[in-house]
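Student: Quick one: structure below, then a few questions.
Each reported figure results from applying straightforward, stated rules to the coordinates on display, with no laboratory input. None of the values given here were measured: they were computed from a predicted structure. Glycine also receives a Cβ, built like all others from the backbone with ideal geometry; neighbour counts cover every protein chain displayed.
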Amino acid sequence: MSADDVLPPRPPPRLVPTLTEVVGRAPSAATRAADQGMARPAPVAPAPATVPPMPPAFEPDLEQRIAAAVERALQGERREVEALVQRLATRAAREVVAEILIQDKTAREVGTNP
């Protein structure tokens, strides 16, 4: 780098508040709209505190459908677990048999004279 090369100036550092500083918030869209003479957005109605009770005629059917859905989900999970256990057991059995065959072969080779 020669003396004629001039580096561009660095941008000023961003002001980062410390833990004790209070930083003001930017005005919200509603406040800016009101300041500009525009109407504020309509307020959102709050949700009711409680849900009206379900008619008694729907309860048995709903309970039956929920029970059937839970049963289907559990059956699917059970099938997946059974398949996983089968794969792991097969792998473990193959590894044990392979280790025994290797040990047996090694023992026979050590016992023979060349």
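Student: May I ask you to derive the FRET efficiency for Ala73 and Val96 from their Cβ-Cβ distance with R0 = 35 Å, giving the value to the nearest 0.05? If you can, show how the numbers build up before the last one.
Tutor: Working: r = 35 Å, r/R0 = 1.00.
E between Ala73 and Val96, to the nearest 0.05, is 0.50.
Student: Also: Stokes-Einstein diffusion coefficient for segment 56-95 at 25 °C in a medium of 0.890 mPa s, Rh from the Kirkwood formula over Cα pairs: what value in µm²/s?
Tutor: So the translational diffusion coefficient is about 199 µm²/s.
Student: Sticking with this one: Give, as a single signed number, the net charge of other residues whose beta carbon lies under 13 Å from the beta carbon of Ile102, with Lys and Arg counted +1 and Asp and Glu -1. Write out the running numbers ahead of the final one.
Tutor: On the way: positive: Arg94, Lys105, Arg108; negative: Glu95, Glu99, Asp104, Glu109.
Residues close to Ile102 contribute a combined charge of -1.
Student: Taking the Cα centre of segment 50-114 as origin, sum charge times position over the Cβ atoms of Lys and Arg (+1) and Asp and Glu (-1), and report the length of that vector in debye to the nearest 20.
Tutor: Its charge dipole is roughly 340 debye.
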